[in-house]
Each structure stands twice: as C-alpha cells, then as structure tokens.
Amino acid sequence: MTLQRPVHPSFCIIAPTAYLSSYAVLSDTHLALAHLVDTDSKYASWYKNVSEHGDFIIMDNGAFELGESYEPAKLIELGRKCGAKAIVLPDYPGQSSQLTIDAAIKWAPMIQNAGFYTMFVPQSNIGNTTDWINAYNWAAGNELVDMIGMSILGIPNALPHVPKSYARVVMTELLRSKGMFASHKYHHYLGLNAAPNVELPSLLITGSLDSCDSSNPVWFGINGFRYDITNTDYAGIQKKYMREVDFNEPKIPHYKKPHIHEAIEYNIRTTLDIFENPKKHL
C-alpha cells in the first residue's frame, strides 16, 4: 500500500465540533484529534461521514494534548471510529530519536496491517540537530513509514536557537541543501507556530509541503482576531499571548456575533489563498 504525494497541497482546517460543518468542510483533507475522537461522539461521527464521502483523514496520536500517545491498539480503534486513512505513530518529543524509531519498528506493522497509512514524526534530544536528522533519514528510507510529520515541537527542539515560527522552514532548507529531503515521501506539517503566511509560502514554493493542519484561522476568529495582511505576521499577535485552544467550548452563535463569523471566514479564505498563490504572500 503506497501513498502517493498529492498533486495539490492541502490545508486541514481544525475547528471545534460545532464549527466543523461550517468550516472544516471547506477542505477534503483533515487532521482529526484523537482525544476528541475518543471523547466526543459527534466529532468522531462528522469525520467518519466525510471519510465515507471520499475525504482523506489523518488521525493524530493524542500526544500533543495528553502528554503521551495513545497505545497503538487504541489508535487503531479510534482510527476506525473516525474513518481515518492514516495514523500518527507514537512519538517522544524532547527525547532521543531512538525511542521514536523503536516505537515505529514495534508498532508500525500492526497499524499498516490494520489498513492504515503510518506517519512518523522525527524527534530528538533538545539541541541535537544531528539526532533529529538521523530520525528523519531513518523514516525517509523505511517502508514502515508512509508519511513524515514535521512537528511544531520536534523541529524547534532540534533547532533551539532559531525562532519557533521559522524553525521548520530552516530545517526543510537544511535538508534540501544537503540533498536529504525525501521528495518521494508525503510530508505533513503538524500545526502552525504563527500565522499561516510565516511558514507556508516558502514551504509551498519549494514543493516541500503536501498538507498542513492548524486551528489558527478558526481559533483566532473565534477570539475576535481578523488577519491583517499588512502585518509581517498576519495574526498580529503571538500565540503565547492568546488563550489556549479549547475545543470543548460551547458554540458561539454566529447570528449573535456576526463579526466572529466574518473573521473566521476571512482568516480561512486568506489561508487557502496562500495555497493558491504562495508567492503573493511572501
């Protein structure tokens, strides 16, 4: 079962359950959050439905939100529950790459045999760029790995002296300059550390990115922030000054707060335009 790189890169719109039908539906590629698949039946059912209509669902492993990955047997159960086509393998941010490699060697065959593609997320000890590159090269040459996940945790850990917002662009260019970028593998960039215009144009222009997910356009809109394309960073505010993303919040009625609805739609349109016209947003 070989996963081909898509012709056109995709943006996966992450949104709270009540907003999925309004906004996540604007993409045909999605990243489902495992902890919500586990606890929110409406969330899981929405993704199962769009999967049955042909959308491509990647399910994460829960580590970002829960502090550690679900066990592989549970990941398979949750993957089936939401109609996932691919599952993120267990990974260990901030720790030796060998832990994540060993987990992949142990569990990837089980997940592939269950009918899912596998995503390997390279990790390393903090500050050890070589360790991270070793993990990446292992994934690039291994049939146990169908997709490589470029993490907003793992890559800044490997490049601690590079601003987080730019670390993945720097690492991608480093791989390309050394002839190590695995163009034959599907690359998914997990989340965003800043507004979409900071990283995405460069990654798209170089053909490095197959898909990327983020709650940024929706979450900033929910909080009343409309992107400003006159800013170097369209969001105009760093994530660390925002309240933490909470997908369990009740729906904010659009009819009572039309400016929220307008801000979300504008943020999404701006993000999707970056995918259509990346050079315009450099």
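The values are calculated or read from the model by the stated rules, or taken from the named source; none is laboratory data. Model, not experiment: these values are computed from the prediction. Using ideal geometry, Cβ is built from the backbone for each residue, glycine included, and neighbour counts are taken over all protein chains shown. Calculation scope for accessible area: heavy atoms of the full protein, side chains included, ligands and nucleic acids excluded. Shrake-Rupley method; radii C 1.70, N 1.55, O 1.52, S 1.80 Å.
So which pairs qualify, if the first residue must be in region 164-183 and crowded, with 18+ Cβ neighbours inside 10 Å, the second must be of a type in the set (Gly, Ala, Ser), the Cβ gap must be under 6 Å, and the two must be at least 6 apart or on different chains? Short answer, once both residue conditions are applied: Ser165/Ala194; Val169/Ser202; Thr172/Ser208.
For region 139-151, a residue qualifies if it is surrounded by fewer than 24 Cβ atoms within 10 Å (Cβ to Cβ) and in a helix (DSSP H, G or I), and exactly one does: Ala140.
When we screen Leu66, Leu26 for residues that are surrounded by fewer than 20 Cβ atoms within 10 Å (Cβ to Cβ) and over 25 Å from Asp210 (Cα atoms), the only hit is Leu66.
Looking at region 53-138, what helices (runs of 4 or more DSSP H) fall wholly within it and have at least 1 residues that are more than 20 Å from the chain's Cα centre (by Cα)?
Of the helices (runs of 4 or more DSSP H) lying wholly inside region 53-138, those with at least 1 residues that are more than 20 Å from the chain's Cα centre (by Cα) span 72-82, 97-113.
Selection of region 69-89 for residues being closer than 17 Å to Leu153 by Cβ, in contact with a helix residue (DSSP H, G or I) (Cβ under 6 Å, 6 or more places away or on another chain) and open to solvent by less than 10 Å² (accessible area, probe 1.4 Å) yields only Leu89.
Return the residues of region 192-232 that are open to solvent by less than 10 Å² (accessible area, probe 1.4 Å), of a type outside the set (A, V, I, L, M, F, W, C) and part of a loop (DSSP other than H, G, I, E, B); say none if nothing qualifies. Passing the criteria: Ser208, Asp210, Tyr227. Looking only at residues in region 192-225 that are over 16 Å from the mean Cα position of the chain (by Cα) and modelled with pLDDT under 95, the one that is nearest to Gly236 (Cα to Cα) is Phe225. Looking across region 181-191, the residues that are over 12 Å from the mean Cα position of the chain (by Cα) and part of a loop (DSSP other than H, G, I, E, B) come down to Phe181, Ala182, Ser183, His184, Lys185.
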